[in-house]
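Trainee: Take this structure, written in structure tokens, and hold onto it; I'll ask about it next.
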Amino acid sequence: VRYAETPQAAVATFERAVREDPDSEVARYGLALALSRAEAHGQAIALGDALFSSTPERILPLASYAELLINAGQYAQAERLLERGLALNPDNAPLGMLHARTLTKAQRYDDAVAALTRQSILRSEDIDVWYQLAEVSGLAGNIVGVHRARAEFFALRGAYERAIQHLEYARRLADRTDSPLIARLDQRLDDFRTALRQARS
């Protein structure tokens, strides 16, 4: 689907594959994705619904169906589907990230920040989680959150000086009465300064 010259060319390819093997889940999923890329969302969702309904307990069809719903702008339905999946698989990373993406697309930025914050706890070494958290924190107007997430992003890349700069920005902007937050920022600054000294030694 991604490497086809056009979405319509991908649709034609997968329509042929489905005709040749109507029972192939791979071909039908490929067709659903191609239709979604071609903005034939109704047909894509109908195919996705059939695939998901046949195996509702499997994560891959659930995630694929949710992605089709997101692409079609059906955010409420995607959110309900993903919340059911996360109720059964609360630590599943693809479902968690799709959930955050759904909330972001629906412009529910504070909820998206909360979803990504949970992912950052579960997957603290995942640079993509911190990147997304910084972006969505900005959309939510949480500037302290932007700098904290960017600090973690840069630290994971070994850019400790930039990480320290972002945490210093966050500390200057933080509410002085929020003692727990100030303490967490100070501890993380100490961590990064130590890491920087070790990297230079």
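The values are calculated or read from the model by the stated rules, or taken from the named source; none is laboratory data. Note that the structure is a prediction, hence the values are computed from the model and not measured. Positions of Cβ are generated from backbone atoms using ideal geometry, with glycine treated the same way; all protein chains shown enter the neighbour counts. Surface accessibility is based on the protein's heavy atoms, side chains included, excluding ligands, DNA and RNA. Shrake-Rupley method; radii C 1.70, N 1.55, O 1.52, S 1.80 Å.
Trainee: Looking at Arg58, is it surrounded by fewer than 21 Cβ atoms within 10 Å (Cβ to Cβ), of a type in the set (D, E, K, R) and out of contact with any helix residue (DSSP H, G or I) (no Cβ under 9 Å at 6 or more places or on another chain)?
Mentor: Taking the combined requirement at face value, the residue does not satisfy it.
Trainee: A follow-up question, please. All but one of (1) open to solvent by less than 60 Å² (accessible area, probe 1.4 Å); (2) in a helix (DSSP H, G or I) hold for Ala4; state the number of the condition that does not hold.
Mentor: (2)
Trainee: A further question on this structure: Give me the residue from segment 169-183 that is within 27 Å of the chain's Cα centre (by Cα) and either among the charged types (D, E, K, R) or under 17 Å from Phe154 (Cα atoms) (or both) and, out of that set, least open to solvent (accessible area, probe 1.4 Å).
Mentor: Ala170
Trainee: Just the residues that are over 15 Å from Pro61 (Cβ atoms) and either open to solvent by 80 Å² or more (accessible area, probe 1.4 Å) or assigned to a helix (DSSP H, G or I) (or both), please, taken from segment 24-44.
Mentor: Within segment 24-44, Ala34, Leu35, Arg37, Glu39, His41, Gly42, Gln43 meet the criteria.
Trainee: For segment 102-124, enumerate the residues that are open to solvent by 80 Å² or more (accessible area, probe 1.4 Å) and either polar (S, T, N, Q) or farther than 18 Å from Phe153 by Cα (or both). Before the answer, list the steps.
Mentor: Taking segment 102-124 as the starting set, the residues that turn out to be open to solvent by 80 Å² or more (accessible area, probe 1.4 Å) are 105, 107-108, 110, 118, 121.
Passing the criteria: Lys105, Gln107, Arg108, Asp110.
Trainee: May I ask you to list pairs of residues, at least six apart or on different chains, whose Cβ atoms are under 6 Å apart, with the first in segment 96-118 being under 13 Å from Ala134 (Cα atoms) and the second being assigned to a helix (DSSP H, G or I) and of a type in the set (S, T, N, Q)?
Mentor: Every condition considered, the pairs that remain are Ala112/Thr104; Val113/Ser137; Leu116/Gln132.
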